[in-house]
1. In region 232-258, what residues are exposed (fewer than 15 other Cβ atoms within 10 Å of the Cβ) and of a type in the set (Ser, Thr, Tyr)?
2. Just give me the residues in region 342-393 being more than 20 Å from the chain's Cα centre (by Cα), surrounded by fewer than 21 Cβ atoms within 10 Å (Cβ to Cβ) and of a type in the set (S, T, N, Q), in sequence order.
3. Among the residues of region 227-235, are any free of Cβ contacts under 8 Å to residues at least 40 places away in the same chain and of a type in the set (Val, Ile, Thr)?
4. Residue 161 passes all but one of (1) farther than 21 Å from residue 228 by Cα; (2) outside any strand (DSSP E or B); which number fails?
5. For region 174-186, does any single residue satisfy the condition of being farther than 28 Å from residue 414 by Cα, surrounded by fewer than 23 Cβ atoms within 10 Å (Cβ to Cβ) and of a type in the set (A, V, I, L, M, F, W, C)?
6. Within region 164-190, track down each residue that is of a type in the set (Gly, Ala, Ser) and either touching a His at 6+ places or on another chain (Cβ under 9 Å) or closer than 25 Å to residue 286 by Cα (or both).
7. Give region 292-342 a look and list any residue that's part of a strand (DSSP E or B) and either of a type in the set (S, T, N, Q) or free of Cβ contacts under 8 Å to residues at least 12 places away in the same chain (or both), or say none.
8. Considering only region 117-156, how many residues are more than 18 Å from residue 220 (Cβ to Cβ), hydrophobic (A, V, I, L, M, F, W, C) and without any contact (Cβ under 8 Å) to a residue 60 or more places away in the chain?
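The values are calculated or read from the model by the stated rules, or taken from the named source; none is laboratory data. These numbers come from a predicted model, not from an experiment. Using ideal geometry, Cβ is built from the backbone for each residue, glycine included, and neighbour counts are taken over all protein chains shown.
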Amino acid sequence: MKNRKIILAVVLLFWITRYPTAMYAQEPPADTPPKPAAKGYFPVRAGEDQDEDQTIPAMQPDERPLTGFQQLTLGTPSERHSYWIPGISYTNVVQSNALAQGGGNGWNSTSYISGNFSLLQNWTSSRLSINYSGGESLSSDSAVGDGQFHQFAGSQTFSWRRAQLMFLDQFSYLPSSQFGFGAGTGLALPGVGGPLGSFQPGLQNGFIPNQSVFTQVGPVYSNAAGTQLNYALSARSSVTIGGVFGIMRFSESGGVESNEAILNAGYNHQVSRSDILGLSYRFSAYEYLGSPQAMGDHLVQAVYGKKITGRLAIKLSGGPEITTFRIPPGVSASKQYVAGAGSASLSYGFASGSVSLSYNHGVNNGSGVFVGATSDQVTASGDRKLNRVWTGNVSLGYARNTNVAGTVGGQGQAYDTLYVGAGLQRPLSRTANFTLNYTANIQTSNNTVCAGPNCATNFTTHIITVGLNWHARPFVLH
């Protein structure tokens, strides 16, 4: 039965890519000449198609407030139409030394059959954006088993003359940590992806439940929902207030489950056409299911940003961080921990690709392993068109998580987690593409980690991913 599902999914994708239907809204004639390239540069998500006939819309400036809880972008496409797009994908993942196998020497294969959906609805003064991907995973290893996976990202924005109000939600239910999951492939983010994919909410690290430790028990699901108001005081200044509530849960016992509530406020001032200064305050409250411990975290940061539409987006922030504990952690008699926190992000677009970098240091929920952690996290990705049909991508992520109790009391338990990968993708048609990726997941710890019958202080997992992705052309709503 399992093999029949996989065969049917592959045959369906092959048939769709070979004989695409013509029943789409505003389908152009087959002999329509290529349109000229747009002036703005818009990064294409790795693993998604962008053939030479696809025009990138002109870019509109990024309107996200500097001191808000979203990542800055290079801008947004000037899309006036409303549309929805369905899609389907088949991804086969072959990996070694699976953590679910206790770090053994065997290899296993997991097939992901996914339905994808993106919707963009524009009104005069508001916008709705929805992205969803989900389906079934079928593994050749009984220790891994079969299951489901789901990812959702949605936002609703209302704009007035002086104010902008936004509601958003990010949800994931995955068989492993979201850190590095599907890196460089269509599994990484929900929706159909590429320039036609709807806008992602893009919550920053620090505003979503952290999952940057690979060691965990069973599938994990997390959700972060929030609202934010930005109000213009003048042509150059604005204030931002918002809040996010997040949860992290495990389908099997053994992980540290947590709730987090975050309040954020900031002041933004435009000092030049592209430069912005800001001051922000953030309070985070962490609670842990089944544990009497709870933490309150206060963070004040000075913020600098630079935006050049279609080309560059930079954000730098830093300041003091004060963490308080309901119960003194470790051997420390103090209920308070004072340190510094900061973050940096860079997005750069050029004619044939894009690069992005980010760094974050501070206290978080503990990634399902600790009751609170101090983390350093770095991520980097890039894509570049290699020739007429092939596009290459690279991705890297590194995180060091230390138990807050160890940070304060000297117990010192820590995890160093790394993923690094590279891949290729090429279009098979205007609506389908093929992807091939390799990723290595590496984790070390100064304490013995047990998964199943085996225990070790480190492990390395090799992952080879092959995928077929198809999406329809947009069905225009108006």
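1. 234, 237, 251, 253, listed by residue number.
2. Once the filter is applied, which keeps residues that are more than 20 Å from the chain's Cα centre (by Cα), surrounded by fewer than 21 Cβ atoms within 10 Å (Cβ to Cβ) and of a type in the set (S, T, N, Q), region 342-393 yields 352, 387.
3. For region 227-235, residues free of Cβ contacts under 8 Å to residues at least 40 places away in the same chain and of a type in the set (Val, Ile, Thr): absent.
4. (1)
5. No, every residue in region 174-186 fails to be farther than 28 Å from residue 414 by Cα, surrounded by fewer than 23 Cβ atoms within 10 Å (Cβ to Cβ) and of a type in the set (A, V, I, L, M, F, W, C).
6. 172, 176, 177, 180
7. Within region 292-342, 301, 317, 323, 324, 336 qualify.
8. Total satisfying the criteria: 2.
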